[in-house]
1. Excluding Ser180 itself, what net charge comes from residues whose Cβ is under 14 Å from its Cβ, given Lys and Arg +1 and Asp and Glu -1?
2. Can you list the HN-Hα couplings for region 178-191, worked out from phi with the Karplus curve (6.51, -1.76, 1.60; θ = phi - 60°), rounded to whole Hz and with x for Gly and Pro?
3. So what J values fall out for region 85-92 if you push phi through Karplus, 6.51 cos²θ - 1.76 cosθ + 1.60 with θ = phi - 60°, rounded to Hz, Gly and Pro as x?
4. Search the structure for amide H atoms under 5 Å from the amide H of Val308, placed 1.01 Å from N in the peptide plane, and list their residues when 5 or more places away or on another chain.
5. Please work out how much length the chain gains when fully extended from Asn103 to Ala432, using 0.36 nm per residue of separation minus the C-alpha to C-alpha distance, in nm with one decimal.
6. Kindly flag which residue pairs out of Lys282/Lys415; Lys282/Lys366; Lys331/Lys415; Lys122/Lys153; Lys323/Lys415; Lys228/Lys295 have an alpha-carbon separation exceeding 19 Å in this structure.
7. With the crude spin-label approximation of a point 7 Å out along Cα→Cβ, what separation in nm comes out for Lys122 versus Ile26?
8. Quick one: which residues, 5+ away or cross-chain, put their amide H under 5 Å from the amide H of Glu76? H built at 1.01 Å from N.
Amino acid sequence: MQIRYRITLTFTIIVTIILLLVCTAIYWFSNQERNSIFKNRLYRRAESLIELQQLQTFDTSELRKINSTAPSSLFERSISIYDNLGYEILADNGDDAPPININKQFLLDLAPDNPFFFNIDKRDAVALRYRSGGKDYFVVVAAYDYERVEWLKKLLVVLAVCFFAGVSIVIITGYFFSLSIVVSIDEIIRKINHISSEEFSLRLNIGKGKDELEKLAITINNLLDRLKYSFDTQRRFIDNASHEMQTPLTVIHSQLDVSLQKQRNPDEYRQVMMSVRDDVKKLALLVRSLLEIAKASGSVKGIELAPVRIDELLLRLPSEIKKITPFYDVKLQFEEFPENEDSFLLYGNEHLLFSAVKNIVHNACKFSEDRTARVNLGFEDSNIRIAITDHGPGIEQGELENIFQPFYRSDKYNKIIPGVGLGLALVHYIIALHNGRIEVVSEIGKGSTFTIILPIHV
Ligand code: ADP
C-alpha cells in the first residue's frame, strides 16, 4: 500500500475511534442526566401525593383530578395506592396509560421511606412505602419520559451528523496532509533519479531545513557533496597519474626512436640507455607509489593489522634511508620512555606506518642542504607523537594546504629535486587509516616540522 494511503487510513482510524468514544460518552452522560432528572420528578410527585393523603382522605375521582393536574410533559402517567397487604385501593391511569401491574411481594419487600426506581411497560416508575394513620401504604407513580426519548433521538442525529462530517473531514484532510509529505519524498526521489556521475551538481531543495524531510534533503546534499568531491579527486588523480606515466613513456619512446634512426657508437648507446634507465626508475617509483596509495586509501578491511612497537619501527629508519642515498642522515631522539611498555604500541599495519614515516624523513633529507632529518619520539596520555624536523627551505603558508594533494609538487623543486608528488598524499592516507592526524609547522629559510600523532594501542 502506498504511503499516502497508509497515512490517511491510520489517521482516519485513530480519529474515528476518538470521535466514536466522544459521541458515545456524550450520549451516555446525557441519557443518565435526563433519566435522573425524570426520576427525581416522579419521586417528588409520589412524595407530594403522600403528604396530601396524610392531610385528607380522597377517593378515585380526587386522585384522577390530582393525576390530571400533573405537568403535560409526563405522558401515560399512572398512580396506584396499595394497602399494607399489597392490594390496590386507589388507581388512576391518565392518557390511556396501561394500569400498573405489579407483584404484591415486590411491594411488601420495599423498605420504608426508601424510593425504589424501576421500569414498567417502557415507562419509568417509583415505588414508596409510607405510614399514614398507623397503617402502612404503598404508592407507585409511573410515567413515560417522552421528552427524554425525543431529545435523545435528536441528540443521536446531531452526534451522527457530527461523527460522519468529522470522519469525512479527517479523510480529506488526512489525504491532503499525507500528499504534502509524499510530494516532498517524490520530489527527492525524482531529483535523485536525475543525479548521475555526469550530473553531480544537482542538489535537493532544503527549504528552511527544519523538518525531518528538509533535514533528510540536507543529509543527502552533504552526501552528494562528499561523493562529488571524491569523484573529482579520483578523476583528477587518474588524469594526473596518466599524465605522469605518459611523460616518461613518451621520452623513452622518442629517445629510442632517435637512437635507432642510424648506427651509433657505444658511448651514444650508453648515454641513451642511462637516460632511459632514469625514466624507468621514475616510472617504477610512480607505480610503486600508486600501488601503496591504492593499498592505503581503502578501508582497514583487507589490511593486516597488528600491534606495532613504534620505537623498533623508528630504529630501522637510519639504515633504510641510507639505502636510498648514503649521504642522508637520520638523527633519532626519544623522549623519556614511559614505564608502561604498552605505551610504545600502536595498532596498525607496520609496513604502511613505516612507509609513512620514511616518506616524511626522505623529504626532510631530500629538501634540506644538510641532508639530515631529526626524528623525535614523544608520548602523551593516549597518543604517540613523532616529530620529523629538517633545516630545509621551509614551505610557503599558501602551499601547506596543497602538499598532501596527490601529484602536488612545488614549482621551485619540480625540475631540480626528483619526486612524483605522491609521497605526502600516501602519508595522509596511511595516517587517516590509523585514526591519526598530521600537523605541519614550517618557516621559510629555517625548516619544517611534520608531526604525526597516533593513538596508542589499548
Ligand atoms: P615529492 O617529494 O615527490 O615532490 P611529496 O608528496 O612528498 O612529493 O611532497 C609534495 C611537495 O611538498 C614537495 O614537492 C615539496 O614542494 C613539498 N615538501 C614536502 N616536504 C617538504 C620539506 N621537508 N621541505 C620543503 N618542502 C617540502
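1. Spelling it out: positives minus negatives among the neighbours equals -4.
2. Ordered by residue, 3J(HN,Hα) equals 5, 4, 5, 6, 5, 4, 5, 5, 4, 4, 4, 4, 4, 5 Hz.
3. Those phi angles translate into 9, x, 8, 5, 10, 9, 7, 9 Hz.
4. Leu346, Tyr347, Gly348
5. Numbers: separation 329, 0.36 × 329 = 118.44 nm, distance 9.80 nm.
Full extension of this stretch gives 108.6 nm more.
6. Long pairs (Cα-Cα over 19 Å): Lys331/Lys415; Lys323/Lys415; Lys228/Lys295.
7. The two pseudo-label positions are separated by 2.6 nm.
8. Tyr144
Computed from the coordinates by the stated procedures, all read-outs in this text should not be read as laboratory data. These numbers were taken from a predicted model, which means no experiment stands behind them. As a convention, Cβ positions derive from the backbone with ideal geometry for all residues, glycine included, and neighbour counts pool all protein chains shown.
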